[in-house]
Structure formats: structure tokens, C-alpha cells
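First up is the structure itself, then whatever we jot down about it.
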Amino acid sequence: MTGFRRACAVAGFGLGALLAAGGAQAQTKVSIGISGWTGFAPLVLAKEAGIFAKNGLDVTIKKIPQKDRHLAIASGDVQCAATTVETWLVWDAAGVKTKQIFQLDKSYGADGMVVRKDIAAIKDLKGKTVAASAPGTSPYFALAWMLKENGLSVKDVKVVNMEPGPAAQAFIAGQNDAALTYEPYLSAVREKPEAGKIIATTLDYPMVMDTFGCTPAFLADEKAAAALTKSYFEALDMIKKDQAKAYEIMGADVKQTGEQFGKSAAYLRWSDAEGNRKFFAGDWQAFNAKAADLLLEVGLIKAKPDFATLVDTKFVAAK
């Protein structure tokens, strides 16, 4: 599909959103902070396809680096955000109070560490330079996790703080010995094997999973919170029913064709209502316990929070 036709397709859905909203009552305004991570794309689809509007929500999506997303919440610039499960622990420790209300996705190879060809194992990174986002972000956590599993810590490497997109491009350009990145940027490295190799992904170390959360003040409007949850699941239904069209819309948001987006999406799994209920029935608690231990070890939190204060599962339980 050409750029013009793709734009027309998105515009057509925008018109549908207006028509859907036209017969609705007053829309509840909400701003959501995300990144260009493939796993968050159904939120973009819900907006562009008019799903949020149909369910009574006037949604603004803002692209905010993960390292700054909690600041946007604290300032009131956004009321809700998408991020990795362990990041909510870091934000809570920084005094930014939120509750997670549904799971978005789990990475199945969509996050990874890339290294130069002469690095045979992760333990060989001792003393090397690794590009990763700032402490408190998913790539930094992934780096700390992978290093610990191989007998090292972040103190054993030189960490250069770079966001996932720039980190991947710098690696391809010959900078740094290794980098932590994720889709769609990881695929850029997959397509340039001469630059290096992917030494590990979340297939090897399954520790990247994302959830959606909001401030307690916003969640006081339970109708709006339920509409957000419902809209996400309806976006997943749309992907199942018309994958090609959905991939075109989601891909356009990160300057990918539908085909390119589909390749990135193959490395993750979005979590439907049933998957959400299973996740919050035990997997979420178990992961938080292990993640908190690592965050304590690297100094990103000073104490384990009461995990029950970080989640509200009534909206997925009612689905």
C-alpha cells in the first residue's frame, strides 16, 4: 500500500471515529503516555479506529520516553500510561502513585541484547560498553537481569544511556560493544547481520511484560477505567478480524508498512481478557517479587512496596 493509500485508510477510520462519537454523550478526556513499542500499538488502534470514542473516551496519546513517563504522570500531563511491570515499582518508590488495571502484552523475543560478532557469551561483556536506556527503564532492567543471570552486574560494564531507537542505530553504525533494544528497532539489527548479532532475547530471559495503569484520581471514575479496558480488548478483537487493516494503522504510527509491523508483532503476544485474568491470578505477583529483589540490588528502590496497592483488577475481572 502506498503512503497515500495508507493515509486514506487511516483517515477513513478517523471519519468513523467522528461518526461513532457523534451519537455518544459527553466524552471523558484522558491523556495516555506511551512509546513506539510494538506492544502498545493496540492503544493507537483503539484511538485511530474510533474504538475509544465509541466507548465514551476522548483520548490523547503522547509519545514520552519511558524514563520521563512518570514525570508526566506526576505533573498531570497524562493520567494513564503503558510500561513494563517492574517500572511501576520504580515509579512508586519515586512517589508517583498509580494502579495497573490491565496487561497489555508479553515479549516473546521482541526485546533483546545485540553484541559484536566477537562476543561469544554475555559473560564476555565484562569491561565492555553497553547502550541501554536510563535506570528505571525496561532496557536497563533487562540488562541488569541478563547480566545477573550470567554472573555479572551493571557495575561490571560501562552503560551508555541511549533510548532503544538511537541505541539500535548507533550499534548498526559501529558504536558500542552491545546494546539493549526492542521492536520495532530490534528488527533493524536483525536486518543488518554484518553489524553484529542478537545474543539473547526475552525467549531466553522472559522478563518483559507490559501493563496499563492510571492515577488513583482518574480511576475514581470507574466508568472511564472500564471503558479503557473494554476498548483495549475490542482493539485486540479488531486485529483478529481484520489483521491486515489493523497492522496498516498500527504500523503507520511508527513509520512501518503493515507487513513490517506484522514481522515486529510476531515477537510478542497481546493479552486478551482471559490472559489478563490468568496473569493477575498469580504470574503478576510472582514476577513482582523477583523483580523487586533485583531492583533492590541495583539500588533503584529502597524497600519492597505492598504489591496489592499497585493494582486494581476489577476491570478485567468484570470483562
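The values are calculated or read from the model by the stated rules, or taken from the named source; none is laboratory data. Just so it is clear, the model here is predicted, and its values are computed rather than measured. Glycine gets a Cβ as well: all are built from the backbone with ideal geometry, and neighbour counts include every protein chain shown.
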Unmet criterion (only one of (1) of a type outside the set (A, V, I, L, M); (2) free of Cβ contacts under 8 Å to residues at least 12 places away in the same chain; (3) buried (at least 23 other Cβ atoms within 10 Å of the Cβ)) for GLY76: (3)
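For the stretch 135-159, what are the residues that are outside any helix (DSSP H, G or I), within 20 Å of LYS67 (Cα to Cα) and of a type in the set (Ser, Thr, Tyr)? Working first, answer last.
Initial filter on the stretch 135-159 (outside any helix (DSSP H, G or I)): 135-137, 150-153, 157-159.
Subsequent filtering for residues that are within 20 Å of LYS67 (Cα to Cα) retains 135-137, 158-159.
Listed by number, the list holds a single entry, THR137.
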Within the stretch 90-109, of all residues that are aliphatic (A, V, I, L, M) and in contact with a Pro (Cβ under 9 Å, 6 or more places away or on another chain), the one farthest from THR38 (Cα to Cα) is ALA93
Report the residue count in the stretch 266-282 for those that are charged (D, E, K, R) and modelled with pLDDT under 95. 0
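Yes/no per residue for (1) surrounded by 16 or more Cβ atoms within 10 Å (Cβ to Cβ); (2) outside the structural domain of SER264 (by TED's automatic domain parsing); (3) under 17 Å from LEU89 (Cα atoms); (4) among the β-branched types (Val, Ile, Thr):
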residue: LYS128; (1), (2), (3), (4): no, yes, no, no
residue: ALA131; (1), (2), (3), (4): yes, yes, no, no
residue: TYR140; (1), (2), (3), (4): yes, yes, yes, no
residue: ALA144; (1), (2), (3), (4): yes, yes, yes, no
residue: LEU152; (1), (2), (3), (4): yes, yes, no, no
residue: LYS155; (1), (2), (3), (4): no, yes, no, no
residue: LYS158; (1), (2), (3), (4): no, yes, no, no
residue: ASN161; (1), (2), (3), (4): no, yes, no, no
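Looking only at helices (runs of 4 or more DSSP H) that fall completely inside the stretch 225-319, which ones have 3 or more residues that are under 27 Å from THR98 (Cα atoms)?
273-278, 284-297, 314-317
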Just a yes or no: is a residue in the stretch 175-191 among the acidic types (Asp, Glu), more than 19 Å from the chain's Cα centre (by Cα) and at pLDDT below 95? yes
Is there a residue being hydroxyl-bearing (Ser, Thr, Tyr), within 27 Å of MET162 (Cβ to Cβ), part of a helix (DSSP H, G or I) and at pLDDT 90 or above anywhere in the stretch 17-37? no
Of a type in the set (Ser, Thr, Tyr), at pLDDT 95 or above and touching a helix residue (DSSP H, G or I) at 6+ places or on another chain (Cβ under 8 Å): is that true of THR137 in this structure? no
